[in-house]
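Structure record follows, encoded as structure tokens.
The values are calculated or read from the model by the stated rules, or taken from the named source; none is laboratory data. Keep in mind it's a predicted model, so treat the numbers as computed, not measured. In this analysis, Cβ positions are derived from the backbone assuming ideal geometry, glycine residues included, and neighbour counts consider all displayed protein chains. In case anyone asks, the SASA skips ligands and DNA or RNA and just uses the protein heavy atoms, side chains included. Shrake-Rupley method; radii C 1.70, N 1.55, O 1.52, S 1.80 Å.
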Amino acid sequence: MSKHISINRRTFLGATTFLLSSFPGGGYLFADSPNDVILRFAVMSDIHFPADPNAKEVQRFDRALQFMYDWSKKQPYSQFDALLVAGDISNHGIADEINIFKSHLDAGIREGTQKILCMGNHEFGGGNRDLWQKTFDLSPNDHYKMNGYHVIALSPEKGTCRDGDYLYAMDWLKTELDAAVADAPDQPIFMVQHYHITPTVYGSRDDDNWGTKDLFELLQQYPQVVNFSGHSHYPINDPRSAWQGQFSAFGTGTLSYFEMSGGRYEKFPAGFHNAAQFYVVEVHRDQSVVLKPYDLITDSFFEQVYTITKPCNVSKYTYTDARYQTAKKPAWNSDVKLKCVEESYGGGTFLIPQAVCDPIVHSYRLDFEKRGGKDGKQTEWLPEGDQYLWSQYFFRNTPNPLEAVVSYLDELTDYRMTVTALNAFGGESVQKQSIAFRTKKDPNETVDRKAEKPDANLLNIIFADGKPLNTAVNAYPSQKPVEIHGEPKIEMDATLGAEVAIFDGADDFLKINFTAEEYQRMTRQITMAVQFQLEKFEEAGSSDVFANTESGGYAFEINHGKKTLDFWICIDGQYTILSAPFTAGKYHTAYGVYDGMKVLLYIDGQKVDGKAIMGGITYTSNEKSRAFCIGSDIHSDGGGNGFFKGRVAAARLYRWALTDTQIANLS
């Protein structure tokens with residue numbers, strides 16, 4: 001059984017010290033220092049009200065407002081001065097959702113608390129600026145004062161989630177910033193908009209970029225600015241959610257669900273709907289700003305507190321990019337040890353003791369080695385890839401030990417797993433935790449992987465008696481059924497002397513559903529195969545013969561403009577694409593292979609393209625799109641996408657990498 005880490009460490013940041021004591025009803029009571037608080041407000045975003053007045057988001061929003069009043073009145077400074085919301089108050093921007101939010105906002109906010117809102121991209125989904133402005137009687141772009149402090153709210157022009165969404169208001173924004181500086185040059189200027197500013201906080205950098213670059217250069221001129229943004233749904237207790245360069249910026253989290261950075265990590269980890277975080281922000285008499293991240297799920301403050309001691313003085317900034325080199329590295333206490341509680345045919349179940357790090361342990365890398373060697377001698381440990389695992393730091397009650405299920409390794413094989421702890425900035429623990437184990441034999445696995453023409457063990461779709469059949473030598477206890485969508489014809493093909501499926505390129509496709517657990521067993525090696533005939537090339541566009549590429553997966557896709565067959569595969573969140581020309585109007589056999597070290601494409605038994613790459617195969621986190629399709633790709637809503645016009649004679653999926661010789665024999 002897992003147990004929770006007990007929280008007993010105190011965080012002291014900046015020039016202001018806080019004393020923490022228990023507060024009835026959860027959380028902490030922060031006692032003021034002699035440097036008194038003179039302004040308090042809450043900042044939140046991505047609330048995502050649906051049209052259901054009883055939804056969890058509605059209840060969380062009500063609780064957040066009630067907490068702010070209950071907690072504030074017990075502090076030496078007892079006011080709750082303002083609520084700032086950085087957009088995405090609704091799911092679709094429709095009147096029903098916005099009206100529910102407006103009614104709860106009006107019911108929850110009391111006299112003396114300002115309402116400062118801006119639009120997010122979701123507010124453009126079913127509505128427009130006029131609907132938003134009429135509902136709230138607020139301007140989408142406005143300049144406020146709260147207790148003498150300037151606050152600027154900025155909304156995007158169209159909600160496209162792209163660079164350029166804020167350019168229409170740049171002249172207005174500069175005018176308002178200049179006016180705020182002229183009025184109070186030594187005070188922080190607070191600013192709220194929905195998109196992160198590229199490249200600042202977590203979720204606005206490199207390949208993991210939910211931001212826009214529109215505002216960056218302008219705000220470089222205003223070190224007084226303390227900027228708040230949302231959109232990414234990334235946790236606010238991640239230290240990268242605080243950033244300082246020539247101004248200060250903070251990511252504001254969500255009251256709805258976490259959406260983590262993907263790639264090597266699970267984008268939607270278990271429990272991702274248990275997300276309800278926001279900031280309690282206080283300004284002190286010396287102009288220092290303190291942000292206290294609060295977790296509504298557990299009704300408690302996170303340990304880390306973000307402090308801006310001198311908002312106008314860049315030399316005093318703390319949350320700079322220098323942290324990527326200077327941040328503390330995780331370590332384990334000497335009395336904890338990695339354990340294997342169950343060995344299985346795909347790996348095992350392991351309990352990883354949580355390392356410690358200030359402020360968080362971000363994740364763990366699991367490096368695998370397989371015992372092997374030359375001439376069949378099992379004398380060496382050979383690299384076998386890695387797996388990345390969240391520490392679950394984004395949950396206030398972080399489990400300890402952390403359970404890790406490994407399910408994709410070879411059966412009846414000796415392995416060694418080494419665990420490295422990582423901080424939020426990629427720093428690795430000097431210590432490692434290591435364990436050796438042996439996998440068991442899969443009772444459902446009967447296929448001979450060394451056969452000259454091995455049977456497919458995951459899927460083997462053929463056509464007989466006018467129906468699609470899955471005849472895999474099964475890796476699962478029962479055969480996976482095939483769903484028919486549209487009206488694909490199944491008839492005898494004179495060229496092959498066998499039945500084939502004929503797809504119309506409009507709405508015909510076959511669908512085979514998979515689960516997240518089944519995908520987990522296909523992350524290190526895979527072979528995908530299809531026998532097909534394209535009717536003809538179109539002028540442009542693409543169509544999918546055999547695919548499951550919705551935010552991950554792999555596919556055989558036809559590029560009509562280039563007249564190529566492309567094999568797509570998503571490894572560590574990035575697609576690798578191999579291509580080769582082929583001829584329409586005749587049958588071809590294609591194989592796409594990933595062996596954990598390289599991706600290969602074969603057409604008609606010949607290797608035609610390849611690329612060296614390592615990592616785990618990424619699959620979709622969307623339950624509706626966990627499926628393989630024949631005659632199309634899978635859509636995010638579970639339907640078809642990229643429909644194929646032509647014939648398919650067979651589609652196969654293997655849970656290992658076939659050899660050149662095996663592919664030549666099968667082709």
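Could you list all residues from the stretch 596-644 that are hydrophobic (A, V, I, L, M, F, W, C) and either in contact (Cβ under 8 Å) with a residue 60 or more places away in the chain or farther than 17 Å from Ala555 by Cβ (or both)? Within the stretch 596-644, Met597, Ala612, Met614, Ile617, Ala627, Phe628, Cys629, Ile630, Ile634, Phe643, Phe644 meet the criteria.
Across the stretch 143-156, the qualifying residues are those that are touching a residue at least 24 places away in the same chain (Cβ under 8 Å) and open to solvent by 20 Å² or more (accessible area, probe 1.4 Å), and the one among them that is nearest to Leu84 (Cα to Cα) is Tyr144.
Taking the criterion of being surrounded by 15 or more Cβ atoms within 10 Å (Cβ to Cβ) and farther than 21 Å from Glu518 by Cβ, the only residue of the stretch 463-478 that qualifies is Phe463. Gly159 fulfils the conditions (1) surrounded by 17 or more Cβ atoms within 10 Å (Cβ to Cβ); (2) under 30 Å from Arg285 (Cα atoms); (3) of a type in the set (Gly, Ala, Ser); (4) touching a helix residue (DSSP H, G or I) at 6+ places or on another chain (Cβ under 7 Å) except for a single criterion, (2).
Candidates in the stretch 33-83 are the residues that are touching a Phe, Trp or Tyr at 6+ places or on another chain (Cβ under 8 Å), of a type outside the set (A, V, I, L, M, F, W, C) and farther than 24 Å from Gly93 by Cβ; of these, the one that is surrounded by the most Cβ atoms within 10 Å (Cβ to Cβ) is Arg40.
What about Thr413, is it surrounded by fewer than 21 Cβ atoms within 10 Å (Cβ to Cβ), more than 23 Å from Tyr619 (Cβ to Cβ), in contact with a strand residue (DSSP E or B) (Cβ under 7 Å, 6 or more places away or on another chain) and among the hydroxyl-bearing types (Ser, Thr, Tyr)? Taking the combined requirement at face value, the residue satisfies it.
Residues that are at pLDDT below 90, touching a Ser or Thr at 6+ places or on another chain (Cβ under 8 Å) and part of a loop (DSSP other than H, G, I, E, B) are absent from the stretch 396-407.
Yes or no, residue by residue, for (1) under 23 Å from His48 (Cα atoms); (2) at pLDDT 95 or above; (3) not β-branched (Val, Ile, Thr):
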residue	(1), (2), (3)
Met191	yes, yes, yes
His194	yes, yes, yes
Trp210	yes, no, yes
Gln220	no, yes, yes
Asn227	yes, yes, yes
Gly245	no, yes, yes
Lys267	yes, no, yes
Val281	yes, yes, no
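Cβ-Cβ distance below 6 Å, separation of 6 or more or different chains: which pairs start in the stretch 502-515 with a residue that is in a strand (DSSP E or B) and end on one that is among the aromatic types (Phe, Trp, Tyr)? Correct list of pairs: Phe503/Phe644; Ile512/Phe628. Quick check: anything in the stretch 367-375 open to solvent by less than 70 Å² (accessible area, probe 1.4 Å) and within 30 Å of Arg285 (Cβ to Cβ)? No, the stretch 367-375 contains no residue that is open to solvent by less than 70 Å² (accessible area, probe 1.4 Å) and within 30 Å of Arg285 (Cβ to Cβ). Given the options Gly616, Gly640, Gly646, name the one that is at pLDDT below 90 and buried (at least 18 other Cβ atoms within 10 Å of the Cβ). One residue alone meets the criteria, Gly616.
Scanning the stretch 353-379 for residues that are touching an Asp or Glu at 6+ places or on another chain (Cβ under 9 Å) and within 28 Å of Trp656 (Cα to Cα) returns Arg365, Leu366, Asp367, Phe368, Glu369, Lys370, Arg371, Gly372, Gly373, Lys374, Gln378.
A quick yes/no check of all residues on (1) assigned to a loop (DSSP other than H, G, I, E, B); (2) open to solvent by 60 Å² or more (accessible area, probe 1.4 Å); (3) in contact (Cβ under 8 Å) with a residue 24 or more places away in the chain:
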{"site": "Gly263", "(1), (2), (3)": "yes, no, yes"}
{"site": "His273", "(1), (2), (3)": "yes, yes, yes"}
{"site": "Phe278", "(1), (2), (3)": "no, no, yes"}
{"site": "Val281", "(1), (2), (3)": "no, no, yes"}
{"site": "Leu291", "(1), (2), (3)": "no, no, yes"}
{"site": "Gln304", "(1), (2), (3)": "yes, no, yes"}
{"site": "Ser315", "(1), (2), (3)": "no, yes, no"}
{"site": "Thr320", "(1), (2), (3)": "yes, no, yes"}
{"site": "Lys329", "(1), (2), (3)": "yes, yes, yes"}
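Of all residues in the stretch 288-336, how many are of a type in the set (S, T, N, Q) and closer than 16 Å to Phe394 by Cα? Summing the residues that are of a type in the set (S, T, N, Q) and closer than 16 Å to Phe394 by Cα in the stretch 288-336 gives 3.
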